[in-house]
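Have a look at the structure below, then the notes.
The values are calculated or read from the model by the stated rules, or taken from the named source; none is laboratory data. Being a predicted model, the structure only gives us computed values, none of them experimental. Note: accessible area is taken over every heavy atom of the protein model, side chains too, but ligands, DNA and RNA are not part of it. Shrake-Rupley method; radii C 1.70, N 1.55, O 1.52, S 1.80 Å.
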Amino acid sequence: MAETLQLSHVFGRGGLRVVHAGGDGQFALAAVGQCVAQRGRLLNLLLLWKLRKLWRAGLDKLDPRALRLAMCVDERVRVSGAVVDVAVTLAVPTGRSAVRTGRPAGPFQATLPLSVVRTRDARLPAAAPGCAWRVHALAPAAVKEFRRVARALHGLRSGTQIDLRASVRDSRAPAALRTAFPLRIDLLLDAADGYLTLVPARTLVLAKD
């Protein structure tokens, strides 16, 4: 069974729904989900605000070929076949532009497969003892789709729902890491700016699903 992490948010409303699914030994994405669910304590809030603004109006300014997701985890953690699915359900228009059926348009959908970057990225710091950096980029097939997503997310109105579903075909981690899962997450949004830390290095205690 593939491990999955579903994130859902409605623009203009507080809260974020986080749902994880995975079997024994499949909890690498659960660590990410815990950071998102407790974002007030665990995430870099200034970077999170920047990402929020990008989602709403500035994604089309990013070069999708330069984007990188770097996770520093225990070197025994293994994941492969990573994919991000995006679905956008537009808010129901009001006034003269209201849809007569009363149903939202969409959802808009896109699939963004990720590829593993195997060469050492000198812009990342040395990994902590016993840990290793796992770096992912958009796969070539996802670059065009990312640009389509960027256009779809431009200027969204309040009430629009966005669903992100991250999945990995194969996920393996030793059971002992459930009570001591090391994690750091860095993002590269612009090659000129270098990596930005979304989740500072920490050790998480994960509840068993």
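On a per residue basis, the chain carries 55 Å² of accessible surface, using protein heavy atoms and a 1.4 Å probe.
Report summary: the helix-based calculation at 222 nm, which adds -39500 (n - 2.57) for every DSSP H run with n ≥ 4 and divides by the residues of the chain, gives -5000 deg cm²/dmol. Stretching the chain fully between residue 10 and residue 37 yields a gain of 8.2 nm (0.36 nm per residue, less the alpha carbon separation).
Note that segment 185-192 has calculated 3J(HN,Hα) couplings of 10, 10, 10, 10, 9, 9, 4, 6 Hz, one per residue in order, obtained from phi through the Karplus relation 6.51 cos²θ - 1.76 cosθ + 1.60 (θ = phi - 60°); glycine and proline are x. With a 1.4 Å probe rolled over the protein heavy atoms of all chains, the accessible area of 148, 68 falls in the order 148, 68, largest first.
Pairs of lysines in the chain whose Cα atoms sit within less than 25 Å of one another amount to 5, provided the residues are eight or more positions apart or on different chains.
Sequence-distant contacts, meaning Cα pairs under 8 Å at least 6 residues apart, place the relative contact order of the chain at 34 percent.
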